[in-house]
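Below: the structure, in structure tokens.
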Amino acid sequence: MKKTAMILIGLILIPAILLSSCGRSESGSTTAASSSTSTASSKPAATVVKVWTEDRHDLEYVQQMISKYNAENTDNIQIELTVVSENYKNMIQLAYQSGDAPDVVGANNLPLNLYADTGILYPLNEFIESSPEYALVNEPETHMYEGLNTSNGNIYWLPSGMRSGVRVIYNKDLVEAAGYTEIPSSLEEYIDMAKAITEQGNGKYYGIGFTSSSPFERLLEMSAQVSGVFYYDYVNGKFDFSGYRPFLELGRRFIEENIAYPDQQQVDMMRAQFSVGSFALWSNASQEAAVFTSQIPVEGFEWAVAEVPSLTGEIKGALQVTASKGYGIISSSKVKDAAWKVICYFQSEEFLKGYLEAGYNLPITTYMDGIIDKSKIGRLADFSLLSYESVYPQPPSVNITGDDYRTTLWNCIMGYVSIDDAINDLNTRYNTALDRDVKNGTVKRLVIKDYDPLHPNDGTFEYLSN
């Protein structure tokens, strides 16, 4: 048994015939699939393209679409789809090193410095340039994000969907009972409202709830973003957490004034508490549309969606969205032309229309946003792209010691560490790691002298080795 077969025990393997009409013509890259004992056949052996993904939530749709095109395939391509449920990134590296890597991978969560700069992922520029239909649907010129899917002019994957930035999801009944007709646009007023709701609840319900995982990210970090504050200083090429000070000062009120639901639990438990009215305000992204309509449906009240408050009520920076559902080609693939046809199929208009209308993602391209029937996406429409939402350039990925910045800053909110100590600690640890990793050559220092926080990808990128 090959090593790949051994390491993939327990994973989901789905073979199917795939239809595609995108990309260059295939030239002598077929993989034999017939048995040595079978009779002669005039039909040529199929080209097998192995695809790995870590996504399970959309598997039913993907299976249906592959089955639909099984009988219609004219390229004689067979796709073997494997869902890797654990240690996805490490499994890809292991398979690549052992010579058993797949041909195509879901690439949107793969750090480029580990998968592209090292040669594991193959640049797609030539394929994209020869595929006008793919370019029309996926808009490469608009969705090249340096350090995320693009490096040094090379495109390694393009997103076909997105998860929105964080929104405020709220219980309209409790908010209105506290005398509010809309969600305040400034953070301090937002906290005042949460306090009023808690006082009104008198122990029966609270103004706001926080998950035990990444609570800083789900409100205060995003409030800082839309206020023009980010943890990486692109202009000077270093980490700087000092801009979070006013958000930490205000955020402490949630704990010190007993405004928040007192028991922070893991995310699904807190979702369940919101769904039965235990607290009024909850912050998360577009995946909550499905959560509160089908997975953990809201009971007994109307819920609505609003924008995250900024520090002053003014929008000065972009709200970060997550680009998703992109595919890359592994450089060791012997069937790159067929692999590209597979990518073209999964990112085709027909495939994406059904995918997006089923609510698996929000559209990230202008083209697909104009194609889908938004009446079919239900509450996901409440999370549609805002004018100031964007993907940020990827800061250098450094190896720090100790807690990451989100854990450290939430510990500060909880009162476990002082604001000054937390900021000084993070600035020291992150920049020490950056200087060390730049010196070692494992990362480069990203500098954008003309950086604009409202349009983070529009500047001129420089990568420095010092």
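For segment 211-317, with every protein chain kept in place, what is the accessible area per residue (1.4 Å probe, Å²)?
Details: 3870 Å² over 107 residues.
Accessible area per residue: 36 Å².
List the extent of the Cα atoms of segment 132-254 along each of their three principal axes, largest first, rounded to whole Å.
Here the spans come out as 59, 37, 25 Å, largest first.
Report, in listed order, any pair from Lys238/Lys444; Lys68/Lys341; Lys50/Lys89; Lys172/Lys376; Lys50/Lys341 with a Cα-Cα distance greater than 19 Å. The partial results should precede the final answer.
Working: Lys238/Lys444 11 Å; Lys68/Lys341 16 Å; Lys50/Lys89 16 Å; Lys172/Lys376 24 Å; Lys50/Lys341 12 Å.
Violating the 19 Å limit, Cα to Cα: Lys172/Lys376.
Express in % the proportion of alpha carbon pairs of the chain at distances exceeding 35 Å. Walk me through the numbers on the way to the answer.
On the way: 41123 of 108345 pairs.
Taking all Cα-Cα pairs of the chain, the fraction more than 35 Å apart is 38 percent.
Taking 7 Å along the Cα-to-C-beta vector as the label spot, tell me the Ser331-Arg56 distance in nanometres, rounded to one decimal.
Simple spin-label model gives 3.2 nm for this pair.
So which aspartates and glutamates can Lys195 reach, going by Cα to Cα under 16 Å and dropping same-chain residues fewer than 8 places off?
Partners found: Asp173, Glu176, Glu182, Glu249, Glu256, Glu257.
What are the aspartates and glutamates whose alpha-carbon lies under 18 Å from the alpha-carbon of Lys439, with same-chain residues fewer than 8 places away excluded?
Asp117, Glu462
To the nearest 0.05, how large is the calculated FRET efficiency for Glu182 and Glu302 if R₀ is 22 Å and r is the Cβ-Cβ distance? Walk me through the numbers before you get to the answer.
On the way: r = 14 Å, r/R0 = 0.65.
According to the calculation, E is roughly 0.95.
Sequence gap at least 6, Cα distance under 8 Å: using those rules, report the relative contact order of the chain to the nearest whole percent.
On the way: 854 pairs, mean separation 101.2, N = 466.
Averaging sequence separation for qualifying contacts and normalising by length gives 22 percent for the chain.
Please give me the summed charge of the neighbours of Tyr170: other residues whose Cβ is under 11 Å from its Cβ, Lys and Arg +1, Asp and Glu -1. Walk me through the intermediate numbers first.
Details: positive: Arg167, Lys172; negative: Asp173, Glu176, Glu182, Glu302.
Neighbour charge sum, excluding Tyr170 itself: -2.
As a test of reading the structure, rank Leu385, Leu110 by solvent-accessible area (1.4 Å probe, protein chains only), most first. The partial results should precede the final answer.
On the way: Leu385 95, Leu110 5 Å².
Sorted descending by solvent-accessible area, the residues read Leu385, Leu110.
Tell me, what is the percent relative contact order of segment 327-441, built from C-alpha pairs under 8 Å that lie six or more residues apart? Intermediate values should be presented prior to the final figure.
Numbers: 51 pairs, mean separation 18.6, N = 115.
Taking the mean separation of contacting Cα pairs over the length of segment 327-441, I get 16 percent.
With a probe of 1.4 Å, find how much accessible area segment 337-466 has per residue, and write the answer as a whole number in Å².
Details: 5870 Å² over 130 residues.
Ligands and nucleic acids excluded, the result is 45 Å² per residue.
Over all directions, how big on average is the projection of the convex hull of the alpha-carbon atoms in segment 370-464, in square nanometres?
Over every viewing direction, the Cα hull of segment 370-464 projects on average to 9.8 nm².
Taking all protein chains as present, what is the carbon and sulfur share of the accessible area of the chain, in % to the nearest whole number, probe 1.4 Å?
Values: 9550 of 20460 Å².
Ligands and nucleic acids excluded, carbon and sulfur reach 47 percent.
Restricting things to alpha carbons, tell me how big segment 297-371 is in terms of Rg and Dmax, in Å.
For segment 297-371, the Cα radius of gyration and maximum Cα-Cα distance read 18.7, 57 Å.
Could you compute the net charge surrounding Glu307? Neighbours are other residues with a C-beta less than 13 Å from the C-beta of Glu307; K and R count +1, D and E count -1. Please list the in-between numbers first.
Details: positive: Arg167; negative: Glu182, Glu314, Asp382, Glu389.
Charge balance in the 13 Å sphere: -3.
Grab the DSSP H runs of the chain that are 4 residues or longer, score each as -39,500 (n - 2.57), total them, divide by all residues and round the 222 nm result to the nearest 500 deg cm²/dmol.
On the way: 16 runs with 149 residues, N = 466.
Helix-only estimate at 222 nm: -9000 deg cm²/dmol.
Give me the percent of DSSP beta bridges within the chain that run antiparallel, rounded to the nearest 5. Walk me through the numbers before you get to the answer.
Details: 32 of 48 bridges.
Taking every DSSP beta bridge within the chain, about 65 percent pair in antiparallel fashion.
Please report the net charge: other residues with Cβ closer than 15 Å to the Cβ of Gly415, K and R +1, D and E -1.
Values: positive: Arg252, Arg253; negative: Glu249, Glu256, Glu257, Asp420, Asp421.
Its environment carries a net charge of -3.
Rounding to the nearest 10 and keeping the result within 0 to 90°, find how far the Cα-based axis of helix 336-346 lies from the longest principal axis of the chain.
Tilt of helix 336-346: around 50 degrees.
I'd like to check one number: the per residue accessible area of segment 136-203, probe 1.4 Å, reported in Å² as a whole number. Provide the component values of the computation, followed by the final result.
On the way: 2630 Å² over 68 residues.
About 39 Å² of surface per residue is accessible.
The values are calculated or read from the model by the stated rules, or taken from the named source; none is laboratory data. This structure is a prediction, so every number in the text was calculated from the model and none was measured. So basically every Cβ, Gly included, is an ideal-geometry build from the backbone, and we count neighbours across all protein chains shown. Note: areas computed on protein heavy atoms with side chains; ligands, DNA, RNA excluded. Shrake-Rupley method; radii C 1.70, N 1.55, O 1.52, S 1.80 Å.
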